[in-house]
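The values are calculated or read from the model by the stated rules, or taken from the named source; none is laboratory data. Please read these numbers as outputs of a predicted model, since none were measured by experiment. Reconstructed Cβ throughout: ideal geometry from the backbone, glycine too, with neighbour counts over all protein chains shown. The area values use the complete protein model at the heavy-atom level, side chains included, leaving out ligands, DNA and RNA. Shrake-Rupley method; radii C 1.70, N 1.55, O 1.52, S 1.80 Å.
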Amino acid sequence: MHDTNPVFDGYDAIPLETTSLARVAAEAFGRLSFTFPRAHLERLIAAARSPDASDNDRFVCACMLKNALIASEGKFPLCQDTGIATVFGWKKGDVPFARAAAESLRAGARQCYDERRLRFSTVCPASFYDEYDPKDNMPAQVTLFDADAGLAPPPSFVARCPDKSLALLFCAKGGGSSNKTTFVQGTKASLTPAAFERFLAEHIAKLGTSACPPYTIAVVAGGLSPEQNLLTLKLATCGAYDGMTYEANPHGFRDRALEENVRDIAAKTGYGAQFGGTQFAMEAVVIRLSRHGASCPLSIGVSCSAHRNLTAIVTDEGFYMEKTCEHPAALDGFAHAVAFLDTHNKLGDGQRARVIDTDGGMAQVLQSLKGSKPGDRVLLNGSLLVARDAAHARWQALLDAGKPLPDYCTRYPICYAGPARTPDGAVIGSFGPTTAGRMDGYADALMSRGAALVTLAKGNRSPQWTAACARYGAFYLGTPGGIAALIASEHITAQKIIDYEDLGMEAVRLVTVRNLPAFVITTDTGADFYAHCAGK
């Protein structure tokens, strides 16, 4: 086997005769769902320990590091949204094992999502407007290229692979980060320092926090087609171009100065690692491609804090899979970064967090939050209603038909979430908030009927929701995204499905939480944390 080839440094070697491409895919998706590459964790540690980091930055990064430690045990996935199974492959030379590779890779992905109890997030069309849950997270997205004829520039590691090999990039991207992809058809006029600076400043601010920063932010300018631009962007967010050179190249090059500019712009948004600070972006990748003289595609995308990407190489002698960090606590600086939680979680000093009991009725919860300011941290204890997109649509259908809301809607704060499947012996599967803004259209319909007066999710909300909070005396709270294993293992003590069981992970649940950390984002006066960051 090629043990001495430097391209395989950082890879585990497995004899090819002991496995198959299906098993390769199953192992890859299992590995990336529970463990991170070492470099990603080191960037989180650096963000947590940065002298420029705010207490909120340190708190969120410390939670994410502890989340990685819990997930590395193999029980709770890193994120509740275990994502769409996506595989990119580049074939070099005539490799017999690459025949029927797509079918085998899809089979392996299906096997992993079933056996490791990952969340089934895919919905398939029953008609143009109606959907159904296939209950296997399929179809997987598998795209295979000839290494010399791919649509986008080949990843850096592909060029180093030996002849007669199949280079694979596995990634599981959740809906939050995918939803943050921006594409603009620019022109030559976009390619001046001043114009491009304006483009970056406008669209980086629009990313918001709902995709769980700290981010890797990727930017691609140019492309022979929109398709080439967007595929390059996707691969860039997955770390595929980490080895791309910073020099002129007809197939594309990275711009180090602009990458520093992106990080500076991200820091100045004030969003930080979700709740204020400077650590909005840990990494930036800016790529320039060739283009048609009459067009200039521009795109921005992110990989969230659940950076789930993994490379593998298959040769005729063996199979090599990128190593991930199975023991995060052994990393330099890990213990120091996580120790921040021990001091920041202490109660009783009146400054850290107020405790909110959610079981005393909505009037009591609202009174407990009275006087809080955007950015204040609270700890939630008691019952939360869990419901997201599909349940809200059914509630709206009831109202449209002249029927009342279910009585549970007005009893409890509503948390927008859809957990992963429950592991053996656990109370619930990995559990984290979903993007709040998707429920903004229900503001008046629910609040006017006494529902959704306290909501819990992640990310910024629309002016419509903020205005409704002021009109109805409501609050919006944010809990850190990217810590789903931590929440499931340490903060949820009970759960039961109370409605719409057919919706799978989107069924309505009642969960009991203990000291669940959250931040006040929007108050009953209409004051909003993210609007303040944006200077509005």
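Remarks
- Residues satisfying the stated conditions in segment 500-509, i.e. touching a residue at least 40 places away in the same chain (Cβ under 8 Å) and over 24 Å from the mean Cα position of the chain (by Cα): Y500
- Subset tally (residues that are crowded, with 24+ Cβ neighbours inside 10 Å, out of contact with any strand residue (DSSP E or B) (no Cβ under 8 Å at 6 or more places or on another chain) and of a type in the set (S, T, Y)) for segment 424-467: 1
- Filter result for C63 (within 17 Å of S303 (Cα to Cα), modelled with pLDDT of 95 or more and not β-branched (V, I, T)): no
- Unique match (being under 27 Å from F36 (Cβ atoms) and either open to solvent by 70 Å² or more (accessible area, probe 1.4 Å) or touching a His at 6+ places or on another chain (Cβ under 7 Å) (or both)) among T232, T182, T209: T182
- Test: D57 is open to solvent by less than 30 Å² (accessible area, probe 1.4 Å) and charged (D, E, K, R): yes
- Filter result for the condition that a residue is open to solvent by 50 Å² or more (accessible area, probe 1.4 Å) and of a type outside the set (A, V, I, L, M, F, W, C), over R377, R421: R421
- Residue in segment 69-85 that is among the aliphatic types (A, V, I, L, M), in a strand (DSSP E or B) and open to solvent by less than 10 Å² (accessible area, probe 1.4 Å) present: yes
- Top-ranked residue in segment 101-123 [being under 27 Å from S156 (Cα atoms) and open to solvent by 70 Å² or more (accessible area, probe 1.4 Å); ranked as modelled with the lowest pLDDT]: E103
- For segment 500-536, a tally of residues being in a helix (DSSP H, G or I), among the acidic types (D, E) and either buried (at least 18 other Cβ atoms within 10 Å of the Cβ) or touching a strand residue (DSSP E or B) at 6+ places or on another chain (Cβ under 9 Å) (or both) returns 2.
- Matching residues in segment 390-412 - criterion: being open to solvent by 40 Å² or more (accessible area, probe 1.4 Å) and not in a loop (DSSP other than H, G, I, E, B): A393, R394, Q396, A397, L398, D400, D407, T410
- Filtered residues of segment 250-271 (kept if over 18 Å from S299 (Cα atoms), under 23 Å from the mean Cα position of the chain (by Cα) and either of a type in the set (G, A, S) or not in a helix (DSSP H, G or I) (or both)): A267, T269, G270, Y271
- None of A452, A457 is within 23 Å of S305 (Cα to Cα) and at pLDDT 95 or above except A457.
- Matching residues, segment 241-269, being crowded, with 18+ Cβ neighbours inside 10 Å and touching a helix residue (DSSP H, G or I) at 6+ places or on another chain (Cβ under 8 Å): Y241, M244, G252, L258, N261, V262, I265, A266, T269
- R288 meets the conditions (1) part of a loop (DSSP other than H, G, I, E, B); (2) surrounded by fewer than 24 Cβ atoms within 10 Å (Cβ to Cβ) in every case but one. The failed one is (1).
- 1 or more residues within 24 Å of the chain's Cα centre (by Cα) and on the phi > 0 side of the Ramachandran plot: qualifying strands (runs of 3 or more DSSP E) within segment 413-499: none
- Residue tally, condition farther than 29 Å from A71 by Cβ, out of contact with any Lys or Arg (no Cβ under 6 Å at 6 or more places or on another chain) and without any contact (Cβ under 8 Å) to a residue 60 or more places away in the chain, over segment 103-153: 13
- Options T343, T315, T324; residue that is among the β-branched types (V, I, T), more than 24 Å from the chain's Cα centre (by Cα) and either open to solvent by 60 Å² or more (accessible area, probe 1.4 Å) or under 15 Å from L65 (Cα atoms) (or both): T343
- Lone unmet requirement of (1) surrounded by fewer than 19 Cβ atoms within 10 Å (Cβ to Cβ); (2) under 19 Å from E326 (Cβ atoms) for P51: (2)
- Applying the set (1) farther than 24 Å from R377 by Cα; (2) open to solvent by 10 Å² or more (accessible area, probe 1.4 Å) to G482 leaves exactly one unmet item: (1).
- All positions within segment 137-153 that are open to solvent by less than 40 Å² (accessible area, probe 1.4 Å) and touching a helix residue (DSSP H, G or I) at 6+ places or on another chain (Cβ under 7 Å): N137, M138, A140, V142, A147, A152, P153
- Flag if T358 is touching a Pro at 6+ places or on another chain (Cβ under 6 Å), buried (at least 18 other Cβ atoms within 10 Å of the Cβ) and modelled with pLDDT of 95 or more: yes
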